[in-house]
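Structure first, then comments.
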Amino acid sequence: SQQGEEDPQALSIQEGENATMNCSYKTSINNLQWYRQNSGRGLVHLILIRSNEREKHSGRLRVTLDTSKKSSSLLITASRAADTASYFCATVPNSGGSNYKLTFGKGTLLTVNP
Amino acid sequence: DAGVTQSPTHLIKTRGQQVTLRCSPKSGHDTVSWYQQALGQGPQFIFQYYEEEERQRGNFPDRFSGHQFPNYSSELNVNALLLGDSALYLCASRWWDRTNTEAFFGQGTRLTVV
């Protein structure tokens, strides 16, 4: 079953605009990760945020985590056509080091128009 | 440094047949997980292997089985294929004892059951 739900399911913006995607989850987590997938191929890791962190930056990416609301957001600033992809959040449960299984949402399809 | 490699890239099988998919983890990684991604959905966890043993399993029937070899590579076997098994199968690797690190994914095997 899917733990996370991304919102929106699809997002279309113009190059140069910012894109914000949200993710909600249900259970206690150890960390939350964002991945990108181009055209149904492999997943590329973007950023990991631990449960005791509230915000993290990596280049044009900014991720926030609110564990009280069980939600996270991914902001991509100054978007480019090459950012067109599906974006997934995935959670690792907070139940011991061996229990590392990623639970994914259904993803947000981002289209950046030139 | 080679990342995660999967073979084959594409595969077409007939209902009722058996299939074996292969995965070589990123250099240095000792843990391999398999995920199934149906069209338009997020990946779903199948199982995880460490030290040649299945350590954790998702909600998949016994028709799905796996193996990990001493060199950490892994196989996913699916018996008695159903049309619903058509999906992208993703392999991910990581270090077993590093919970707060990302998983690295291969490019996937696209399985079509006809």
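Each reported figure results from applying straightforward, stated rules to the coordinates on display, with no laboratory input. Only a predicted model underlies this, so the values are computations on that prediction, with no experimental measurement involved. Because the Cβ atoms are built from the backbone with ideal geometry, glycine has one as well, and the counts that use them run over all protein chains shown.
Here are B:N71, B:N100, B:N79: which of them is over 14 Å from B:L11 (Cα atoms) and within 14 Å of another protein chain (Cβ to nearest Cβ)? Working first, answer last.
Numbers: B:N71 fails: within 14 Å of another protein chain (Cβ to nearest Cβ); B:N79 fails: within 14 Å of another protein chain (Cβ to nearest Cβ).
Of B:N71, B:N100, B:N79, the one residue that is over 14 Å from B:L11 (Cα atoms) and within 14 Å of another protein chain (Cβ to nearest Cβ) is B:N100.
Among B:V78, B:V32, which is the only one that is more than 12 Å from B:T109 (Cβ to Cβ), of a type in the set (A, V, I, L, M, F, W, C) and within 11 Å of the chain's Cα centre (by Cα)? Outline the logic, then answer.
Working: B:V78 fails: more than 12 Å from B:T109 (Cβ to Cβ).
Exactly one of B:V78, B:V32 is more than 12 Å from B:T109 (Cβ to Cβ), of a type in the set (A, V, I, L, M, F, W, C) and within 11 Å of the chain's Cα centre (by Cα), namely B:V32.
Scan segment B:82-92 for residues that are crowded, with 16+ Cβ neighbours inside 10 Å and more than 8 Å from chain A (Cβ to nearest Cβ) and jot them down. Don't jump to the end; show me each part of the working.
Narrowing segment B:82-92 to residues crowded, with 16+ Cβ neighbours inside 10 Å: B:85-92.
B:D85, B:S86, B:A87, B:Y89, B:C91, listed by residue number.
Select from segment B:1-17 the residues that are surrounded by 15 or more Cβ atoms within 10 Å (Cβ to Cβ) and more than 14 Å from chain A (Cβ to nearest Cβ) and list them in ascending order.
Once the filter is applied, which keeps residues that are surrounded by 15 or more Cβ atoms within 10 Å (Cβ to Cβ) and more than 14 Å from chain A (Cβ to nearest Cβ), segment B:1-17 yields B:L11, B:K13.
Can you confirm whether B:R110 is within 11 Å of chain A (Cβ to nearest Cβ), within 17 Å of B:P8 (Cα to Cα) and more than 11 Å from the chain's Cα centre (by Cα)? Outline the logic, then answer.
Working: within 11 Å of chain A (Cβ to nearest Cβ): yes; within 17 Å of B:P8 (Cα to Cα): yes; more than 11 Å from the chain's Cα centre (by Cα): yes.
Considered against the rule, which asks whether it is within 11 Å of chain A (Cβ to nearest Cβ), within 17 Å of B:P8 (Cα to Cα) and more than 11 Å from the chain's Cα centre (by Cα), B:R110 comes out as yes.
Which of the strands (runs of 3 or more DSSP E) found entirely inside chain A contain at least 3 residues meeting this: more than 9 Å from chain B (Cβ to nearest Cβ) and over 25 Å from B:W34 (Cβ atoms)?
On the way: elements: A:5-7, A:10-14, A:19-24, A:29-37, A:43-50, A:55-58, A:61-66, A:71-76, A:85-93, A:108-113.
Those strands (runs of 3 or more DSSP E) span A:10-14, A:19-24, A:55-58, A:61-66, A:71-76, A:108-113.
Inspect all residues belonging to segment B:53-68 and state whether any of them is part of a loop (DSSP other than H, G, I, E, B) and in contact (Cβ under 8 Å) with a residue 40 or more places away in the chain. Show your work before the answer.
As a first pass, look at segment B:53-68 and keep what is part of a loop (DSSP other than H, G, I, E, B): B:58-63.
From what's left, in contact (Cβ under 8 Å) with a residue 40 or more places away in the chain: none.
Within segment B:53-68, not a single residue is part of a loop (DSSP other than H, G, I, E, B) and in contact (Cβ under 8 Å) with a residue 40 or more places away in the chain.
Pull up segment B:18-51, narrow it to residues that are assigned to a loop (DSSP other than H, G, I, E, B) and surrounded by 12 or more Cβ atoms within 10 Å (Cβ to Cβ), then point me to the one that is nearest to the other protein chains (Cβ to nearest Cβ). If you could, list the steps in order and put the result at the bottom.
Initial filter on segment B:18-51 (assigned to a loop (DSSP other than H, G, I, E, B)): B:18, B:25-30, B:38-43, B:51.
Now narrow it down to the ones that are surrounded by 12 or more Cβ atoms within 10 Å (Cβ to Cβ): B:25-26, B:29-30, B:38, B:41-43.
On the way: B:P25: 13, B:K26: 11, B:H29: 12, B:D30: 12, B:A38: 10, B:Q41: 6, B:G42: 3, B:P43: 5 Å.
Only one residue tops the list, namely B:G42.
Which residue, of A:G16, A:G105, is touching a residue at least 24 places away in the same chain (Cβ under 8 Å) and in contact with a Cys (Cβ under 7 Å, 6 or more places away or on another chain)?
Numbers: A:G16 fails: in contact with a Cys (Cβ under 7 Å, 6 or more places away or on another chain).
Only one candidate qualifies: A:G105.
Does segment B:93-100 contain at least one residue that is surrounded by fewer than 20 Cβ atoms within 10 Å (Cβ to Cβ), part of a strand (DSSP E or B), of a type outside the set (K, R) and within 12 Å of the chain's Cα centre (by Cα)? Break it down into steps so the answer makes sense when it comes.
Initially, segment B:93-100 is screened for residues surrounded by fewer than 20 Cβ atoms within 10 Å (Cβ to Cβ), giving B:95-100.
Now restrict to residues that are part of a strand (DSSP E or B): none.
No, every residue in segment B:93-100 fails to be surrounded by fewer than 20 Cβ atoms within 10 Å (Cβ to Cβ), part of a strand (DSSP E or B), of a type outside the set (K, R) and within 12 Å of the chain's Cα centre (by Cα).
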